[in-house]
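**Student:** Below is a structure I'd like to ask you about.
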Amino acid sequence: MSRIGRLPVAIPAGVTVEIKEGNDVTVKGPKGTLQRVLPAEMSIVVEDGAVVVTRPNDLKKMKSLHGLTRTLISNMVTGVNEGYAKVLEVNGVGYRAAKQGKKLVLNLGYSHPVELEDPAGLESVVEGNKITIKGIDKEKVGQYAAEIRDKRRPEPYKGKGIKYADEVIRRKVGKTGKK
């Protein structure tokens, strides 16, 4: 059995999980509602206040889908209950981030400011050199954070650019003068 797949997903108070035909799972909670169609091969059941995922056989594909399905449901439950957040840091002289309504405006050393529109269901907050992306869908939060980071990735010599708050940049030694 899959070590992750066989664990039941506990449903906290205030969260409801609905499973329709074709593994169409809807999770409602205090922060919002998430809906996703999961692999039809898996059987998903709600029993004793927990969601249990089982697989039909032990083929390699079924084993991999088992853990994936359980984790996707777990992420949906956590998202509607607590939400997700990613923190990015802007480092570098003259590099700055600002909010203009629903737009995130980044000055990253280019000849023009980079403007990004917050996707539906996500919110970005700027505090000094930190950008916090908040939302209930883990996948969307991570994707938007990655798109922001992609505008100017951190470079290895001075560490300038946009990095995740928990990311460690491997630094390189610069040039040395002649002797």
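**Student:** Below 8 Å between Cα atoms, with a sequence gap of 6+, how large is the relative contact order for the chain in percent?
**Tutor:** Relative contact order comes out at 18 percent.
**Student:** Place a +1 charge on the Cβ of each Lys and Arg in the chain and a -1 charge on the Cβ of each Asp and Glu, then give the dipole magnitude about the Cα centre in debye, rounded to the nearest 20.
**Tutor:** 1480 debye
**Student:** Another question, if that's okay. Rounded to the nearest 500, what is the chain's calculated 222 nm mean residue ellipticity when only DSSP H runs of at least 4 contribute -39500 (n - 2.57) each, over all residues?
**Tutor:** -6500 deg cm²/dmol
**Student:** Could you order the peptides 165-177, 122-134, 90-102 from most to least packed, using the average number of other C-beta atoms within 10 Å per residue?
**Tutor:** Top of the packing list down: 122-134, 90-102, 165-177.
**Student:** Considering the dipole of segment 6-164 built from charges on the beta carbon (Lys and Arg +1, Asp and Glu -1) around the Cα centre, which of TYR110, GLY135, GLY83 is farthest to its positive end?
**Tutor:** It is TYR110.
**Student:** Using 5 Å bins from zero, what percent of all Cα-Cα pairs in the chain falls into each bin?
**Tutor:** 1, 8, 14, 15, 13, 11, 10, 10, 8, 5, 2, 1, 1, 0, 0, 0
**Student:** Continuing with the same structure: For THR33 and GLN100, FRET efficiency with R0 = 25 Å and r from the beta-carbon atoms, rounded to 0.05?
**Tutor:** Efficiency at R0 = 25 Å is approximately 0.30.
**Student:** Something else about it: If a paramagnetic tag sat 7 Å from the Cα of LEU7 along the Cα-Cβ line, which residues of segment 38-77 would have the backbone N under 18 Å from that point?
**Tutor:** Once the point is set 7 Å along Cα→Cβ of LEU7, 45, 47, 49-55, 63-77 turn out to lie under 18 Å by backbone N, inside segment 38-77.
**Student:** Using 1/(1 + (r/R0)^6) with R0 = 25 angstrom and r between the beta carbons of THR71 and TYR164, what's the FRET efficiency to the nearest 0.05?
**Tutor:** Calculated value: 0.75.
**Student:** Still on this structure, I have one more. FRET efficiency for ARG171 and LYS134, Cβ-Cβ distance as r, R0 = 30 Å, nearest 0.05?
**Tutor:** For ARG171 and LYS134, the calculated efficiency is 0.50.
**Student:** Ok, one more. Pop out the carbon and sulfur fraction of the accessible area of the chain as a percent, whole number, probe 1.4 Å.
**Tutor:** For the chain, the apolar C and S fraction of the accessible surface comes to 51 percent.
**Student:** Leaving out same-chain residues fewer than 8 places away, which lysines sit with a Cα under 25 Å from that of LYS61?
**Tutor:** Filter leaves LYS20, LYS138.
**Student:** Peptides 75-86, 140-151, 53-64: what's the order by average Cβ count within 10 Å, highest mean first?
**Tutor:** Those peptides, ordered most packed to least, come out 75-86, 140-151, 53-64.
**Student:** Also, quick follow-up: Can you tell me the orientation of helix 60-81 relative to the chain, as the angle in degrees between its alpha-carbon axis and the longest Cα principal axis, to the nearest 10?
**Tutor:** Roughly 70 degrees between the two axes.
The values are calculated or read from the model by the stated rules, or taken from the named source; none is laboratory data. This is a predicted model, so every value here is computed, not measured. A quick note on method: Cβ atoms are made from the backbone with ideal geometry, for glycine too, and the neighbour counts reach across all protein chains shown. All accessible areas refer to the heavy atoms of the entire protein, side chains included, with ligands and DNA or RNA removed. Shrake-Rupley method; radii C 1.70, N 1.55, O 1.52, S 1.80 Å.
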